[in-house]
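Beneath this line is the structure, given in structure tokens, with notes to follow.
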Amino acid sequence: MSLPPLPEPLPSPVADSHVHIDMGTGKSHNAWDLDNNATEIEDLIQQAAKVNVTKIVNVGCEIPGARFAIDFANRYPNVFAAVALHPNEAPRIARVDGVNNYQAALDEIAVLASDSNCVAVGETGLDFFRTTESKDLAIQEESFRFHINLAKELDKTLMIHDRDSHDAVLKVLDSEGAPRRVMMHCFSGDAEFAKACLDRGFYLSFAGTVTFKNAANLRDALKVVPIDQLLVETDAPFLTPDPYRGLPNASYLIPLTMRFMAQYRGEDLSDLCEAVMVNTHQAFNLAA
């Protein structure tokens, strides 16, 4: 499947705060590796730079992907890593590979997360859409609590995955005590939930889903986010913004989402780009 064309460049640099490069341009895990796919990876980075997407936070949410994320960040400037066991991956490992392998996976995540180019622990959280069995849900919450405390221990940003679990995510975060910096990845709630997150000081990151015709709740949420708590992401290769919904996503398509957000919020695009870049540096404790 071909990628969409390059959009018009943004007037000033922004960052893609959540992408999965190791998944390539398809939807299978670990589709790419750094050696065999170096040309494709470098091309995506260069295409992003052409449209002023100059920094990337690449996310590994199972062990092979987390290893890739660290290696990737250590090879390429302006690429940073986030690592965790995805909320659906933790119970899968415990169920399929056994509790010992699950614990070993958490131990490895802790080591990988301590890397200097790892800026976030995530994506972690709760997912009540794909994980439904009570035993699996218990493991999922246990894993979430582990990652929350790992982020606090390492003073890394916590990157939250929340699917159909808004209230439960906040309940766990409140009970454990959130780290200093929390990002709600691919924000999926309404304005009321957005306010609950904003009141806790969280950053809200919007993906291409905010451009979808059936996403009025996301646009309501977008309206209430102060400009200093707003981030943007692709979640590539998923969630490609309109008008290319259904095609593979990539970091160079960030301008489509940024332009939509600026227009919907009634803000100058240059001002929004500058604010989002400042927010990215603060959200991930990056040097400007």
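With just the Cα atoms of the range 135-288, tell me how far they stretch along each of the three principal axes, in Å, largest first.
40, 35, 28
If the chain between residue 216 and residue 175 were fully stretched, how many nm would it gain, using 0.36 nm times the residue separation less the Cα-Cα distance?
Values: separation 41, 0.36 × 41 = 14.76 nm, distance 3.09 nm.
That works out to 11.7 nm of additional length.
Quick one: length gained pulling residue 192 to residue 99 fully straight, 0.36 nm per residue minus the C-alpha distance?
On the way: separation 93, 0.36 × 93 = 33.48 nm, distance 3.78 nm.
Taking residue 192 through residue 99 to full extension adds about 29.7 nm, to one decimal.
Less than 27 Å apart at the alpha-carbon level, and either on another chain or at least 8 residues along: which lysines does that give for residue 50?
Cα-Cα hits under 27 Å: 27.
Short version: ³J(HN,Hα) in whole Hz for each residue of the range 42-59, in order, from phi by Karplus 6.51 cos²θ - 1.76 cosθ + 1.60 (θ = phi - 60°), x for Gly and Pro, what are they?
5, 5, 5, 5, 5, 4, 4, 4, 4, 9, 6, 9, 9, 9, 9, 9, 9, 10
Exposed loop sites here are chymotrypsin sites (Phe, Trp or Tyr not before Pro) in DSSP loop states with at most 16 other C-beta atoms within 10 Å. What is the longest stretch of the chain lacking them? Walk me through the numbers on the way to the answer.
Values: sites that count: 128, 129, 212, 238.
Result for the longest clean stretch: 1-127.
Can you give me the C-alpha center-to-center distance between the range 170-226 and the range 49-81, rounded to a whole angstrom?
Using only Cα atoms to place each centre, the spacing works out to 23 Å.
Please report, to one decimal in angstroms, the Kirkwood hydrodynamic radius of the chain built from all distinct Cα-Cα pairs.
Here the Kirkwood hydrodynamic radius works out to 18.7 Å.
I want the local charge near residue 262. Using Cβ-Cβ distances under 12 Å, sum +1 for each Lys or Arg and -1 for each Asp or Glu among the other residues.
On the way: positive: 259, 265; negative: 267, 268, 271, 274.
Taking every Cβ under 12 Å from that of residue 262, the sum is -2.
Rounded to the nearest 0.05, what FRET efficiency do residue 149 and residue 223 have when you use their Cβ-Cβ distance and R0 = 35 Å? Kindly include the intermediate steps, with their values, before the conclusion.
On the way: r = 34 Å, r/R0 = 0.97.
FRET efficiency, residue 149 to residue 223: 0.55.
Need one number: nm distance between label points at residue 129 and residue 47, each 7 Å from Cα along Cα→Cβ, rounded to one decimal.
Label-label distance for residue 129 and residue 47, simple model: 2.4 nm.
Go through the range 249-261 residue by residue and turn each phi into a ³J(HN,Hα) via Karplus (6.51, -1.76, 1.60, θ = phi - 60°); whole Hz please, and just put x for glycine and proline.
9, 7, 4, 5, 8, 3, x, 5, 6, 4, 5, 4, 5
FYI, it's all coordinate maths here, none of it is from the lab. Here the structure is a predicted model, which is why all the values come from computation and not from measurement. No Cβ is skipped: glycine too gets one built from the backbone with ideal geometry, and neighbour counts run over all protein chains shown.
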